[in-house]
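One structure is given below, encoded as structure tokens.
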Amino acid sequence: MKNGKAFPVPVRARYSCSKCPGYCCSYPEIEVTPRDIERLARHLGLSYDVAEARLTKYDAKEKVRLLRHQKDEHFQTVCTLFDRQQRRCTVYEARPAVCRSYPDSPRCGYYEFLKFERAHQDDPDFIAVT
Ligand code: SF4
Ligand code: SF4
């Protein structure tokens, strides 16, 4: 301990996004802030207005801006910034804050579900849908 403060204890994640088809990116309401849009625009070399129009839509009921979605073969839809072949985020370094913080725990509920289903089916590549 230094200055009376506890050292942060490194916690190892018990999930592997590289083995997951991207459940969290199929969530329909992924909220973005102006700061997120600004970061995405810079990363993609777009103006703020173009990034906002191309990547997001306004939810008038909830009064929030959400990432647009595209059709997907496994889930009904996934985030428009998701690579459906590689099953990964195409803007990882510039992803929105809410994506950075998820799952905010050493375990991911979706990954636990996936591991259970893969073990149950005896198929390490099985893609279980929720
Ligand atoms: S659902 Fe969990 S394991 Fe899958 S990509 Fe998202 S955070 Fe990673
Ligand atoms: S921005 Fe990236 S991490 Fe966030 S939902 Fe879209 S594809 Fe997933």
Answer yes if at least one residue in the stretch 111-127 is within 16 Å of ligand 1 (Cβ to nearest atom) and touching a strand residue (DSSP E or B) at 6+ places or on another chain (Cβ under 8 Å), and no otherwise.
no
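Residues that are away from ligand 2 (no atom under 16 Å from the Cβ) and surrounded by 11 or more Cβ atoms within 10 Å (Cβ to Cβ): list the helices (runs of 4 or more DSSP H) wholly contained in the stretch 18-130 that include at least 3 such residues. Please lay out each step first, then the result.
Working: elements: 34-44, 48-55, 97-101, 109-121.
Once the helices (runs of 4 or more DSSP H) in the stretch 18-130 are filtered for at least 3 residues that are away from ligand 2 (no atom under 16 Å from the Cβ) and surrounded by 11 or more Cβ atoms within 10 Å (Cβ to Cβ), what remains is 48-55, 109-121.
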Do we find that E73 is more than 22 Å from I127 (Cα to Cα) and of a type in the set (D, E) in this structure?
no
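Taken together, the values in this text are just the output of simple stated rules run on the coordinates, not laboratory data. These numbers were taken from a predicted model, which means no experiment stands behind them. Every residue, glycine among them, receives a Cβ derived from its backbone with ideal geometry; neighbour counts consider all protein chains shown.
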